[in-house]
1. Below 8 Å, C-alpha to C-alpha, sequence gap of six or more: please give me the relative contact order for the range 3-80 in percent.
2. For labels at residue 14 and residue 57 in the simple 7 Å Cα→Cβ model, what's the distance in nm?
3. Once both axes come from the Cα atoms, what is the angle between helix 44-75 and the longest principal axis of the chain, in degrees from 0 to 90, rounded to 10?
4. Considering the values (i) 42; (ii) 14; (iii) 10, which represents percent of Cα pairs over 23 Å apart as calculated for the structure under consideration?
5. What's the FRET efficiency of residue 4 with residue 46 using the Cβ-Cβ distance as r and R₀ = 41 Å, to the nearest 0.05?
6. Given the rule -39500 (n - 2.57) for each run of at least 4 DSSP H residues, summed and divided by the residues of the chain, what is its mean residue ellipticity at 222 nm, to the nearest 500 deg cm²/dmol?
7. Please compute the modelled spin-label separation between residue 31 and residue 67, points set 7 Å along Cα→Cβ, answer in nm with one decimal.
8. Compare the peptides 3-9, 74-80 by average per-residue count of other Cβ atoms within 10 angstrom and give them in order, highest first.
């Protein structure tokens with residue numbers, strides 16, 4: 001296995017872990033909102049589904065931001081070569 005393949009595998013693992021981590025944090029944070037006052041009563045499944053989808057959307061966006069910052073910071077030395 002060459003170093004490029006190993007690096008791609010490491011980047012994939014970091015990306016997966018980062019997405020799962022930020023989705024979980026977002027899901028945890030969104031549970032602090034009182035949805036009962038905003039949504040219709042007796043629509044628990046729809047509220048839970050929305051909570052999951054919003055968590056995925058926000059968590060993935062935040063994860064992509066941090067991965068991009070990490071990638072760009074690794075590329076900064078090329079600016080000075």
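Read-outs throughout are calculated quantities, based only on the coordinates presented, and are distinct from any laboratory measurement. All figures in this text were calculated on a predicted structure; none of them were measured in a lab. In this analysis, Cβ positions are derived from the backbone assuming ideal geometry, glycine residues included, and neighbour counts consider all displayed protein chains.
1. Details: 32 pairs, mean separation 34.0, N = 78.
The value is 44 percent.
2. Between residue 14 and residue 57, the label points sit 2.9 nm apart.
3. 20 degrees
4. Label of the calculated value: (i).
5. Details: r = 46 Å, r/R0 = 1.11.
Plugging the Cβ-Cβ distance into 1/(1 + (r/R0)^6) gives 0.35.
6. Working: 2 runs with 60 residues, N = 81.
Helix contribution divided over all residues of the chain: -27000 deg cm²/dmol.
7. It is 2.5 nm.
8. Values: 3-9: 9.3, 74-80: 7.4.
Ranked by mean Cβ neighbours within 10 Å, highest first: 3-9, 74-80.
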